[in-house]
Amino acid sequence: MALFVLNLAALKVLVVEDSSTTRLYLREVLCKLGISSIEMAEDGADAIEKLGAFPADVAICDLHMVPLDGIEFTRLLRNADDSPNPHLPLLMLTGDATAAQLKNAMAAGVHGFMSKPIDGETLRRNLTALFSRPLVFTQGERSLLPVLVNT
């Protein structure tokens, strides 16, 4: 079995979160993991705009935001003709989600979920798991969906 080591310091991370307190906390956690290239967005619409100038390697996105929530952001990111990065790996962050919301998020193209409150070790494990498997996208009926492939 091959050991996968992720160089966290090389990652460019977009955090999409409407709570300024949570954004600051996530920045602190990411910095403690050695990640310094971090961009913050207040909601999904702000995130789409920021991605036009910030070449993120991964997005960490809150599920519940207004006016554009995490699921709507994911659908827009995956399917809009002018999407700045339709293949961006995406981890959804939520404090409370129903099974239906989680199912909708996965159907929209989310790669994984993390529960609030998040800690550094959980974030490191989720990022490592995300990048340790190839991400393959399928173009369905007007939808770009990620498929995680185990090798």
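All of the numbers you see were taken from the coordinates with simple rules; none came from a lab. Being a predicted model, the structure only gives us computed values, none of them experimental. Counting neighbours? That spans all protein chains shown, and the Cβs are built from the backbone with ideal geometry, glycine included.
Values for this structure:
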item: Among LEU77, THR122, SER132 - extreme Cα towards positive end, dipole of the chain, charges at beta-carbon; result: SER132
item: Residue-averaged 222 nm ellipticity for the chain, from DSSP H runs of 4+ at -39500 (n - 2.57), nearest 500; result: -10500 deg cm²/dmol
item: Dipole axis of the chain (+1 Lys, Arg; -1 Asp, Glu on Cβ), positive-most option in LEU8, GLY109, THR98; result: LEU8
item: Segments 6-12, 123-129, 20-26 sorted - mean Cβ within 10 Å per residue, highest first; result: 123-129, 20-26, 6-12
item: Efficiency of FRET between ASP81 and ARG27 - r from beta-carbon atoms, R0 30 angstrom, step 0.05; result: 0.40
item: Gain on full stretching of the segment that runs from THR98 to GLU121 - 0.36 nm per residue minus C-alpha separation; result: 5.8 nm
item: Cα-based reach from LYS32 at 24 Å (exclusive), listing lysines while leaving out same-chain residues under 8 positions away; result: LYS12, LYS50, LYS116
item: The chain - charge dipole about Cα centre, Lys and Arg +1 at Cβ, Asp and Glu -1, debye rounded to 20; result: 600
item: Lys/Arg +1, Asp/Glu -1 at C-beta; segment 9-148 dipole; positive extreme among ALA53, SER19, LEU33; result: LEU33
item: Cα gyration tensor shape for segment 1-76, rounded if a/c is under 1.5, else prolate or oblate; result: prolate
item: Amide H partners (placed H, <5 Å) of GLU39, local residues excluded; result: VAL13, LEU14, VAL15
item: Distance histogram in 5 Å bins (all Cα pairs of the chain, percent per bin); result: 2, 10, 20, 24, 23, 15, 6, 1, 0
